[in-house]
Each structure stands twice: as structure tokens, then as C-alpha cells.
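Take a look at the structure set out below.
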Amino acid sequence: MSSVDTICPQCARINFDFFTQPLVEGQHSETLPDISWTVFSPETCQFCQLLLHCRFPGGDIHHPLQGTLRGVYAGHELQIHMDDGQTSTNLNYSIRHCKPPPASFPNEELQASVSFDVNELKDWLKQCKKHKCLPWLKEYEKHECIPPDNSLKSLPEDFRLIDVDEYRIVQPKKQVEYCALSYVWGDKEQPLLKSSNKDKAEMRDFLTGLDLPRTILDAIALCRGIGCHFLWVDSLCIVQDCKENKYSQISSMADIYSLSYLAIVAAAGEDSSAGLAPYGRRNSDISYLLRTTSNGSFVASLSPQLAAQEIAKSAWASRGWTLQEYALSRRVLFFTGSYAFLRCEHSLRCEDFGLGFSDCFGEARKWDLPLPPFYRRVKSPHRHYPSTFSQLVAQFVRRNLSYEKDVLNAFTGILTQMEDRELGQEGIGNNIWGLPSKQFGAALQWTTHLPWPSTERAGFPSWSWAGWIHTNDSLPLRKGSFHDIYEGFDDQVADISVLTCYKIHDNGSIQTIEDCDFERIFRHLSESSDDAAEISRFERLLRRHFTPQPCEILISTYIQEPNPSKPPLSHHIFLWASCASLYVDPPLDVVYHPATYDFPIRIHKGGPQIGSIRLKPKWREKEPTYMHFFVSTAGIYSNSGQPRQRRFKVILTKLYQNARLPVYKRIQVSYTAICQMDWMRAKPKSRFIALV
């Protein structure tokens, strides 16, 4: 034990209850005032030694400290910022509270960790298996992260695995535990399972003769280390040149990862040669310093919260296919190069070097990885869909695909798991080109808050988010970890679908996607307003303008019209909607907002502004001044204490084909809702239109 047993007056100002006591609501705020240091007393103060280790983790102070160290209470650690008077830099090292270490732990010596301890992972997995017994879990959550009835019944018949003990590819005939690897192939060539070698692959030691990349070799060794005999890797478990095998595996991707015992994520490096650092060897060693004071034991080491942020910056997180591999797995082990994390349904664990602060998520001041777990679905009374759905869509559209045609294949697993058959009333209905069929009018209102239009993706309808390429650098930075692609547009009071929608099957039959549910609309509107007379007037208006006329003959005639250039029927949706032409200021007539490109919407030129829409100026100046809109949702809106108003959300379209049944492309959603009175002054007409 160090001879230093006191703390200096500056360090005495630290709120040590933040570290050592659970948060009691109302006792003190989660946000605590920062504390700063300009003078240090390492000879007499244990905590000053920790602070200096955060600044100089190598152990030696290379030069006098210039500036101020500032401690910020974040999550369950004291993060350290260096302020030199001009800029403030967040240091990678932070201070955390830990349980008293074993008596054999050398308290005075600087320690270093050079690799991940597999025994720590084994302990994490043991703790994970006990989660069904946790008393604080809600009643419906009292189950294991990995249910005991995992079986091969949901997996394809030609499902293959690597036998890590016999170094060969096998087709298991019974239930087995297996790990699944999620990694980036990159440009590096690697051995593949093909029709020409799939029979030979079943022979013992087949993999020995292959030049396997480091990531796969590490994953095999890790499986051996934790006693899991099987591993799934796409390159070696899918017959790459067999369309039937590839299709069956891709279609079952949700089951392959959700039924795995453990998903292993290689979140470091640019390709398959990167390995699973820190397993085997860290990209850089972690040094840590332990000190014990009268307020408890504390350690200064690399901040796991900051290390977790590297996941979002990795090449792995930029790839389209890897999102559902993570999101659908019940238990995920991340290797980030410097740190390892295990995320299961009920906890988040990080390396603690035996110091007892592994569980990051079970504490009151919890934090999580910078990705939304699929299973943390929260059904809000003010949303049509679980928030996780829009979070995952927003994450996905930022990612890169080697082949743009894979945009829905790489997201199908998530869509399938979000449907009603899996989630019941909390589901999204069926997915139609990536959009929920439930409250389809609200689903059509997806937006990235960007000026429009973006780059179209060939082979997909314009009314689906999959029909446009949303590049990472073009999407705005939003406050928080997630950007909700449906943000603000699916409140059950403000945005209730008033559309009646149809689609066409390949055999030519017409299917109703959504009927305008007047009873549901009026029930929600009545709950949001006490003015029965106003609701009654709104009800009469809605019934008059949104009750559809028979459509079968009109749609059938459109289908039968010969037109070789017409998009495939699968790209069409047919809508009964209230439509009108509105004046959108061209760039020469208005000074649009340079940050958002909001263009005013008016009933006619020179009239008062009734709304706004975000468009790219160069695109807008090529279009006519009067543009086509249709109503997708209706609702009661109130802003900043103003009286509630009946408003419509409208969608801008562009005429694609002028025929008996007009055909349009979806362009953009109005940024603001249009007042009912303004919309009626535009003399809208109710009619059938087609979107492609």
C-alpha cells in the first residue's frame, strides 16, 4: 500500500458519492458541476497521482503541465479534459471507482494490460446466463439472453459451420451452440467455400491447408478458448458460387445471428487481416494505476466509454450488411483494437483487469454502445412504430454497400423481426419495400431533413427510403447518438394516416395496403381535443374528401395499358388522396435559408406563406412554380401555447406519366404541416394517383 494516504483540498471537492452510491431520484442531479486543477500534489495526494496518470499514461511526466485539467462527471466515470486556454481536449484516460482489489494486487506499481483475458470473457458469459433471475427485470423480460430452446429448425437445410477442433466444414444434424463472426472482408483475397471444394471441405484438417486471414484464425482460436466447438463465417459456410445456397443463407441471416450463442464483431481494421485485437495483442497497451483513499479505490485507465466510440468510427460500422448482424444477435462481443465489450440483452461489460467495474449497464448511471440494440424496443404511446425501427433505418441508410441492389437484402432480417408476426401489436405490419404497412401514410413521410432530391437508386421505387442513396457526408449531424429518419412525423395524434392504398401482385390481383380508418382517427382526435363541435366538423370534412371511390376498374385499366417504359408493377402503389397544386417559391423569388434550404409554400404567387419544404435550389429552379402535393396524414397540432389547429401533412410529387391514372414520383415531405383552412383554399381534388 502506498505511503500516501491523503487527498489535497482540490481533490476533496470531488463528489465521491457519484462513484460509490447508487443514484437516488431527487437526491442530486445526474449533471454535476465540473471540477478543475491547476496545481497538483502527487507527493501527498493519491488522487493527484491518478490525474497525472490520465495526462501522462506512460508513467513519466515528460514536461511541466501547461494549462488546467478539468474533471467531468460522465456515466460512472470522471472523464478528464485538458484546457490550455485556447482549446479543450478530452483525454483518452479517465478515473473510475473499483471494488477493493485482491490482497496480492500491487497497489503502488503501474500496471499494463497487453491483451484481452479470455477468462474474463468466460466470467461474463457465466454472469449472462444468470440474467433470468435478476429481480429488477420487468416481468416480461425475465428470461435468458439466449433461450434454451435454440435449435436448427429455423435455419436452412444446407446450414454449415466450422468445426474449430477438427478444422473442417460440417453440416450439423442436431442442435449445437455456435458463434457467428461479423467482420469486414475488405479488398484482401481470402479462401472461399465453392461448389468445387465443398465436399473436400468436410474432411478433417481441411482448413489447415488454406491461407486463412487473421480475423478468422483469431475467431477460431477464441471459440476454442471459451469451449464453443462451432463457428459460422460467411465466406466458409456459404457456397459462394451457388445462387440457391447463397439465397437461402441470406434469407435466413436473421436466424443465423439471433440463434447464435455469441456474435463476434471485428470492429478494428479495414479488412479481414486485422484480427480480433485486443485478443492476442492490443493495438496499444493499456496502462492503469490503482490508488486507494478513504473514499474508496480508484483506477486511472483508458476510458471504456471513449473506447466504445471507436465502434461507430470503424470500417465495420460503415458496412451495410454488418448492422443486422449486430442488431439481431442476442449477445455480441466487440473487439475494437484497444478494448473488448460484451453486450447482451441485460448488461454491457467491458474489461476491468480484475478490478470489479466490469458491468457498465446495470448501474444507475448507465451508458451503452453507440448502436441501438434491436431488442431494446420501446413502444411509445405517441409513435406508430417502436423507436428502434426508425433508429435502425437511420443507422442503415448511412452505411455503404458494395452493390446498391443489396440495400433491402442487407436489412431484410431486421424488417422481418419487426413485423407483427414477431412483435404482435408492437410490430410494423408487413414491410413493403422497406416501409411499414401499418399506418402507411405516416410511413411514406420518412425524411432525412436534407434538401431534396438526393441521388436515386436504380431498381427501387421513389416512395421508399431504399430508392435513394443517402451518403454519410450528406446527412446532417444530429444531437445524440441516433438520427431518427421518421423524427417528428409519426405521432398518433398529429400524424394519423388518411390514405387508402393498394398494391398489385404479380398475378394482377389488387391488394389493399391500408384503408382510411375513420373511427380510429376520430377516436384519437377526440382524446386530444375537448371541442366536440370542431371534431365533428373535421369528421365531416375528412369523410367528404378521404372516402375512396371504387378503384378496381381504373387500376385494372392502367395495368393493361401497354407501355414498355413503365416501371414494374411491384414498384407501384395506388393511392386515394386529396391532391392540390401549390406555389413553391423559386430561388430567384425568395432568399431561402442557407442552412436548411427551406422554400416557402403558398396557395398562389404573392400569397401568404402556408408552409415550407426543403429542396435543392438547382433542382427547384428547373421545376414549374406550381407543384403537385397530396395529403398523407391529418391531425391536431399545437405550437408554443397557440390554439390547436387541424392540419395536414403533405408530400411533394413530380409528374412521371400523364395518363388516365396520373403517375408520380415522391420527392419530399413538407417540413411544416398545412392548416386545414389553407389546404381547402387551394381547392384540392380527391382522386386516385399512382406512385412509382
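The values are calculated or read from the model by the stated rules, or taken from the named source; none is laboratory data. In this text the structure is predicted, and so the values were computed from the model without any measurement. Heads up, the Cβs are rebuilt from the backbone with ideal geometry, glycines too, and the neighbour counts pull from every protein chain shown.
List of remarks:
- Qualifying residue in the stretch 296-313 (condition: aromatic (Phe, Trp, Tyr) and assigned to a helix (DSSP H, G or I)): no
- Of all the residues in the stretch 647-689, those that are in a strand (DSSP E or B) and in contact with a helix residue (DSSP H, G or I) (Cβ under 7 Å, 6 or more places away or on another chain) number 4.
- So Leu222, is it in contact with a Ser or Thr (Cβ under 7 Å, 6 or more places away or on another chain) and of a type outside the set (Ser, Thr, Tyr): no
- Within the stretch 441-454, one or more residues are outside the structural domain of Ser612 (by TED's automatic domain parsing), farther than 21 Å from Asp495 by Cβ and touching a His at 6+ places or on another chain (Cβ under 9 Å).
- Some residue of the stretch 623-631 being among the β-branched types (Val, Ile, Thr), closer than 25 Å to Ile555 by Cα and in a strand (DSSP E or B): yes
- Scanning the stretch 319-333 for residues that are modelled with pLDDT under 90 and either touching a His at 6+ places or on another chain (Cβ under 9 Å) or surrounded by fewer than 24 Cβ atoms within 10 Å (Cβ to Cβ) (or both) returns a single hit, Arg330.
- For the stretch 402-448, a residue qualifies if it is in contact (Cβ under 8 Å) with a residue 12 or more places away in the chain, under 14 Å from Phe460 (Cβ atoms) and of a type in the set (Ser, Thr, Tyr), and exactly one does: Thr412.
- Residue within the stretch 599-611 that is over 22 Å from Gly441 (Cα atoms), in contact with a Phe, Trp or Tyr (Cβ under 6 Å, 6 or more places away or on another chain), assigned to a strand (DSSP E or B) and at pLDDT below 95 present: yes
- Criterion: closer than 15 Å to Leu193 by Cβ, charged (D, E, K, R) and surrounded by 19 or more Cβ atoms within 10 Å (Cβ to Cβ) - qualifying residue of Asp211, Asp218, Asp241, Asp234: Asp234
- Considering each residue of the stretch 630-647 in turn, at least one proves to be modelled with pLDDT of 95 or more and in contact with a strand residue (DSSP E or B) (Cβ under 6 Å, 6 or more places away or on another chain).
- Of the residues in the stretch 178-185, not one is outside any helix (DSSP H, G or I) and surrounded by fewer than 15 Cβ atoms within 10 Å (Cβ to Cβ).
- Condition check for Gly280: touching an Asp or Glu at 6+ places or on another chain (Cβ under 8 Å) and under 22 Å from Asn119 (Cα atoms): yes
- Residue within the stretch 334-352 that is more than 23 Å from Ser113 (Cα to Cα), in contact with a Phe, Trp or Tyr (Cβ under 8 Å, 6 or more places away or on another chain), of a type outside the set (D, E, K, R) and at pLDDT 90 or above present: no
- Residue in the stretch 275-295 that is farthest from the chain's Cα centre (by Cα), counting only those that are in a loop (DSSP other than H, G, I, E, B), surrounded by fewer than 22 Cβ atoms within 10 Å (Cβ to Cβ) and of a type in the set (Ser, Thr, Tyr): Ser294
- Filter result (at pLDDT 75 or above, assigned to a helix (DSSP H, G or I) and aliphatic (A, V, I, L, M)) within the stretch 513-526: Ile521
Per-residue answers, yes or no, for (1) over 19 Å from Ala394 (Cβ atoms); (2) crowded, with 20+ Cβ neighbours inside 10 Å; (3) at pLDDT 75 or above:
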position	(1), (2), (3)
Asn430	yes, no, yes
Leu435	no, yes, yes
Ala443	no, yes, yes
Thr455	no, no, yes
Lys479	no, no, no
Tyr486	no, yes, no
Ala494	yes, yes, no
Val498	yes, yes, yes
Gln511	yes, no, yes
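- Residue-level analysis places Ser272 outside the set of residues that are among the hydroxyl-bearing types (Ser, Thr, Tyr), under 29 Å from Phe56 (Cα atoms) and either surrounded by fewer than 22 Cβ atoms within 10 Å (Cβ to Cβ) or touching a Pro at 6+ places or on another chain (Cβ under 8 Å) (or both).
- The residue that is farthest from Glu561 (Cα to Cα), counting only those in the stretch 675-691 that are of a type in the set (A, V, I, L, M) and surrounded by 20 or more Cβ atoms within 10 Å (Cβ to Cβ), is Ala682.
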